[in-house]
Amino acid sequence: MSPARAALSALALALLALAGCGDSEPGLAPDPASSTEPSPEPAPEPPQDPAQDPGGFAPTDYSYTLTLTCYCPDAGIPIRVTVADDEVVSAVYARGGGRSGAVAGDPVPLSRVVSLDEVIAAAETPDAHRVEVDWPEGQDHPTSVAVDPSERAVDEEYGYLVADVEVAEAPR
């Protein structure tokens, strides 16, 4: 994970930890010395140079194998996804089976798959109950992301396993 992403993750965890903290105990009168004036807002951060942190997967043309982990018909079935100009353009089952009765080589509806940019966005979900990410150091994408959006909901968890990323060569 890049230092910028690590710092962002640490900040998000710190903010979540502080979200339930107050400055007085229930039933006690507030401290008269504490101000009721709102704190001044911090100055906006300068925009980052996209060359230093593109905010996603830098290549725009690539293919990879996606395995979904969810309560969905395609769970556990590897899907070969092709992305061109940062858009998913095709997806096919890499093998058959599963609840959907998938057949190797059959097309997968594009609404069921995501690009690596979307996998990375899921890895950086700030308001989920729990996010678990396996992002090997020095790699430009995670190998797995698991998201539990809500502590109170059941069966809404989802995840992505990423393998066999192949960046397309630029035309000569």
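Can you work out which of the residues in region 59-79 that are in contact (Cβ under 8 Å) with a residue 40 or more places away in the chain and touching a Ser or Thr at 6+ places or on another chain (Cβ under 7 Å) is farthest from V147 (Cα to Cα)?
S63
Would you say A128 is closer than 18 Å to T67 by Cα and either part of a loop (DSSP other than H, G, I, E, B) or touching a residue at least 40 places away in the same chain (Cβ under 8 Å) (or both)?
Against the criterion (closer than 18 Å to T67 by Cα and either part of a loop (DSSP other than H, G, I, E, B) or touching a residue at least 40 places away in the same chain (Cβ under 8 Å) (or both)), A128 does not qualify.
Among the candidates V92, V81, V103, which residue alone is modelled with pLDDT of 90 or more, hydrophobic (A, V, I, L, M, F, W, C), over 18 Å from the mean Cα position of the chain (by Cα) and surrounded by 15 or more Cβ atoms within 10 Å (Cβ to Cβ)?
Checking each option against the conditions leaves just V92.
Going by the conditions given, is L161 of a type outside the set (S, T, Y), more than 15 Å from the chain's Cα centre (by Cα) and modelled with pLDDT of 90 or more?
Against the criterion (of a type outside the set (S, T, Y), more than 15 Å from the chain's Cα centre (by Cα) and modelled with pLDDT of 90 or more), L161 does not qualify.
Could you grab me the full set of residues in region 134-171 that are free of Cβ contacts under 8 Å to residues at least 60 places away in the same chain, assigned to a strand (DSSP E or B) and in contact with a Pro (Cβ under 9 Å, 6 or more places away or on another chain)?
Across region 134-171, the qualifying residue is only D134.
Give region 117-172 a look and list any residue that's among the polar types (S, T, N, Q) and either surrounded by 17 or more Cβ atoms within 10 Å (Cβ to Cβ) or under 19 Å from V81 (Cβ atoms) (or both), or say none.
Q139, T143, S144
The values are calculated or read from the model by the stated rules, or taken from the named source; none is laboratory data. Just so you know, these numbers come straight off a predicted model, no measurement behind them. Please note: Cβ atoms are built from the backbone with ideal geometry, for glycine as well, and neighbour counts cover all protein chains shown.
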